[in-house]
Every structure is written in C-alpha cells, then in structure tokens.
Amino acid sequence: MTLALLLTLALLLMMGMLLAARGRAASIQDLSELAGRTQPVDLAAFQNLIDPAEEKYLRSALPPRLFRKVQRERMRAALGYVGNVAQNAAIVLRLGESAQNDPRDEIAKVGRALSEQALRLRILAAMAAIKISVRILIPDLQLSPAVVMDEYGRLSGEVLQLCRHQMPANISRVVAAL
C-alpha cells in the first residue's frame, strides 16, 4: 500500500514538473507571431548581475549591510530576467512544436531541435529561479545561474536557424524579439 502511494505521488510530481516545464504559452504557428509575445532579454545586463567578479568587487567596496541590500536588489533583477527567459522559452517551445508539423523535413527537424532546447531551458530557468530566490534570502550565499544565459544563447540560435528556413527576410526582427 505504501509503495503504491509513493509511486502515485512520484508519477504526479513528474507530470506536474513536465507541465510546468512546457509552460502555458498560447499556440504560435510561425515566426511572424513571435514579435510582441516575447520579452527581449539583455544578456549582457543579466550576465553583469550574476557575474561572480562583479559580486566580489561589490562585496569588497561596500559595507556588509549595504552589500546585502544591493545584492538582494541585483538578485531580484536577475530573477526578472530569468522569468522573461522562461516565458520566452515557453513561447519558442510552442513555435518548435508547430514547426515539427511542417511537411518539409528540414523545418520539422529544426522544430524538434528547437522544442528540445526550449524545454531544456525552461527546466534550467526553473532551477535558476530557485537558486536566485535563495540568494535573495541569503545574499552571502554563492550560487550562479550562469547556465541559463548560455542556454538562452543556444535557444536564440535555434530560433534563427528556423527563421533562415521560414522567413529569412525577417531575421533582424526575430533577433530583436528575443
């Protein structure tokens, strides 16, 4: 009986995690619908917020109490960036799912890769949000969500790959949307 209950709970937890990773973004059929649905992410600004060297500098330049206050604000801003990354990844996941149904094999293949990358990024963003939230509570703790930045760069590359096949004239507009 206990084993059956544990297995049921584990299954429900796994299903919940999958639903959370996929997100609740509305359906998107092609790249032309991307603009206006995503939030541009300034990766350089995000990198600055999570840069250990910048944190080290602030730690040495500020009194401890002020450092903790500034660090909390920096982590709140970083959490906002991670939220935008997660939301954009949910939208791109829907775009990839739509591209997978394209009759052209090359676009369907890019759509599969895009969906896999977006799902991976959603999971990483959720983990980074947890780490950042802990850093807001405990500013002296040393955790880095830098992997999100790297994965978002890869996701952007996958979107550009799809754009090259579907709408090459609109690459600059698609880049600006991400």
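The values are calculated or read from the model by the stated rules, or taken from the named source; none is laboratory data. On a predicted model such as this, the values are computed, not experimentally measured, just so you know. Using ideal geometry, Cβ is built from the backbone for each residue, glycine included, and neighbour counts are taken over all protein chains shown. To get the accessible areas, we keep the full protein, side chains included, count just its heavy atoms, and leave off ligands, DNA and RNA. Shrake-Rupley method; radii C 1.70, N 1.55, O 1.52, S 1.80 Å.
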**Prompt:** Taking the stated definitions as given, is Ala113 assigned to a helix (DSSP H, G or I), under 17 Å from Pro40 (Cα atoms) and not charged (D, E, K, R)?
**Reply:** no
**Request:** Kindly check whether there is at least one residue in the range 105-121 that is basic (Lys, Arg), touching a residue at least 12 places away in the same chain (Cβ under 8 Å) and in contact with a His (Cβ under 8 Å, 6 or more places away or on another chain).
**Result:** no
**Residues satisfying the stated conditions in the range 30-50, i.e. in a loop (DSSP other than H, G, I, E, B) and open to solvent by less than 50 Å² (accessible area, probe 1.4 Å)** = Leu34, Ala35, Thr38, Val41
**Request:** Mind listing whichever residues of the range 135-167 are at pLDDT 80 or above, of a type in the set (A, V, I, L, M) and either open to solvent by less than 50 Å² (accessible area, probe 1.4 Å) or outside any helix (DSSP H, G or I) (or both)?
**Result:** Ile136, Ile138, Leu155, Val159, Leu160, Leu162, Met167
**Message:** I need the full set of residues from the range 76-101 which are more than 30 Å from Ile138 (Cα to Cα) and touching a residue at least 12 places away in the same chain (Cβ under 8 Å), in order please.
**Reply:** Ile91, Val92, Leu93, Arg94, Leu95, Gly96, Glu97, Ser98, Ala99, Gln100
**Request:** Report whether or not Tyr57 is surrounded by fewer than 19 Cβ atoms within 10 Å (Cβ to Cβ), part of a helix (DSSP H, G or I) and of a type in the set (Phe, Trp, Tyr).
**Result:** yes
**Asked** Within the range 78-92, is there a residue that is more than 18 Å from Arg37 (Cβ to Cβ) and open to solvent by 30 Å² or more (accessible area, probe 1.4 Å)?
**Response** yes
